[in-house]
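Scroll down for the structure; my scribbles are underneath it.
The values are calculated or read from the model by the stated rules, or taken from the named source; none is laboratory data. Predicted model, so just to flag it, every value in this text is computed and none were measured. FYI the Cβ positions are ideal-geometry reconstructions off the backbone, even for glycines, and counts take in every protein chain you see.
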Amino acid sequence: ARKEVQVVSNGLHTVARRQEGQGSRLARLHLATRRSLSSTSTSAQDVSAILRQVEKGQLSASAAESLLSSTISKAPSTPTDLDALESFANLDHKRTKRTGFPEAVFSEGKTAKQIRDILDDMAKHVNTAVECRRDASVAEKAILATRVDATLYKEICARPLKNGTITYHETANLISMKASALDNNSKHDNSPDTTKQRERNTVERNTVVVACAGTTDLPVAEEAAITLEAAGCKVERIYDVGVAGLHRIINALPRLRDPNNRCVIVCAGMDGALPSVVAGLVTVPVVAVPTSVGYGAAFGGVSAMLTMLNSCAPGVGIVNIDNGFGAAALAFKFVNN
């Protein structure tokens, strides 16, 4: 069925390009035809014959549309995994290839089944890439879901995933998934030791420091840290070094100024002063993350965000409140460009 779907898909695209006026109507049938044939053993021969007649000018678009519609209507209507997924998600499997950074599932507002189906489909594509021995980057193999609380995680685990295994990072409220082909691939990793050492050295040179002002900022900091690790960066964690005790950040200076560091992410709530202090002490870019920690006038992180936007220390970039994932994305691009 997969081969038949590809034949139909390619044929409809070809006709749409060559038959400008007529092809637009045929193109509308593309998705429906693909879905129908993907769930049946319907032969693609009849469809191919119809497409060849249109291409040769022997059959009008309206006649072809009628014939194709008839072919589709004869197919059983049993929904497939693809149908179920496309009813609520249109996954962008090329995003990581375009941007260099892993795509993640934002889980708030999604059901456990939706999250499970999306993760499984992402893992299936990683498995295909690995089994075909494509040169996929670490970031392309990363599969993440953010904003997953413990209750939602239990619901997701109620049924096993088909294409990999998941790990729950409770502090970060984050799921990471390992595609099943990666487990099999690691058992047969015959890369030369020199290649592995070169890869380790590259990771060392791509270190990102993740710092936070207080313990209550940890969920945001860990979301950033785990996301970066999934993308192939080394992370140095420096936690609970807020400005209420300046000696703590001063004591951490040797780690902040390590020559392997390429960027520093700083998470802070309340007064939000820590990013400005850090930016005045290091030579690398600082990504500031306001957190929603604080009493009433903190306004859920708005006060910290305004402080960061008004930083007198240059070289500070600010992301949205509690957006550890976004901070990781910005830091990753600093490191890799």
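Among the residues of region 276-294, write down those that are touching a residue at least 60 places away in the same chain (Cβ under 8 Å) and either part of a strand (DSSP E or B) or touching a Leu at 6+ places or on another chain (Cβ under 6 Å) (or both). First the steps, then the outcome.
If we filter region 276-294 for residues that are touching a residue at least 60 places away in the same chain (Cβ under 8 Å), which is where we start, we get 278, 289, 291, 293.
Within region 276-294, just VAL289 meets the criteria.
Please enumerate the residues belonging to region 160-176 that are within 24 Å of VAL130 (Cβ to Cβ) and touching a residue at least 12 places away in the same chain (Cβ under 8 Å). Spell out the reasoning first.
The initial filter retains those residues of region 160-176 that are within 24 Å of VAL130 (Cβ to Cβ), namely 160-169, 174-176.
Listed by number, the residues that qualify are LEU161, LYS162, ASN163, GLY164, THR165, ILE166, TYR168, HIS169, LEU174, ILE175, SER176.
If you check ALA298, ALA244, which single one turns out to be assigned to a helix (DSSP H, G or I), of a type in the set (A, V, I, L, M) and exposed (fewer than 15 other Cβ atoms within 10 Å of the Cβ)? Break it down stepwise before answering.
Numbers: ALA298 fails: exposed (fewer than 15 other Cβ atoms within 10 Å of the Cβ).
Checking each option against the conditions leaves just ALA244.
With respect to the numbered conditions (1) without any contact (Cβ under 8 Å) to a residue 24 or more places away in the chain; (2) outside any loop (DSSP other than H, G, I, E, B), which one is the sole condition not fulfilled by PRO259?
(2)
Kindly list the number of the only condition in (1) more than 19 Å from PHE334 (Cβ to Cβ); (2) more than 30 Å from the chain's Cα centre (by Cα) that fails for VAL293.
Unmet condition: (2).
Residue by residue through region 254-281, note down the ones that are closer than 12 Å to VAL209 by Cα and surrounded by 19 or more Cβ atoms within 10 Å (Cβ to Cβ).
LEU256, ASN261, ARG262, CYS263, VAL264, ILE265, VAL266, CYS267, VAL278
So LEU306 fits all but one of (1) of a type in the set (A, V, I, L, M, F, W, C); (2) surrounded by 15 or more Cβ atoms within 10 Å (Cβ to Cβ); (3) assigned to a helix (DSSP H, G or I); what number is the exception?
Of the numbered conditions (1) of a type in the set (A, V, I, L, M, F, W, C); (2) surrounded by 15 or more Cβ atoms within 10 Å (Cβ to Cβ); (3) assigned to a helix (DSSP H, G or I), the odd one out for LEU306 is (2).
Limited to region 122-155, what total is found for residues that are in a helix (DSSP H, G or I), at pLDDT 75 or above and under 13 Å from the mean Cα position of the chain (by Cα)?
The total comes to 5.
Which residues, taken from region 179-213, are at pLDDT 75 or above and farther than 21 Å from PRO285 by Cα? Write out each step before concluding.
As a first pass, look at region 179-213 and keep what is at pLDDT 75 or above: 179-183, 206-213.
Within region 179-213, ALA179, SER180, ALA181, LEU182, ASP183 qualify.
List the number of the failed condition for ILE318; all other conditions in (1) under 27 Å from the mean Cα position of the chain (by Cα); (2) exposed (fewer than 14 other Cβ atoms within 10 Å of the Cβ) hold.
Of the numbered conditions (1) under 27 Å from the mean Cα position of the chain (by Cα); (2) exposed (fewer than 14 other Cβ atoms within 10 Å of the Cβ), the odd one out for ILE318 is (2).
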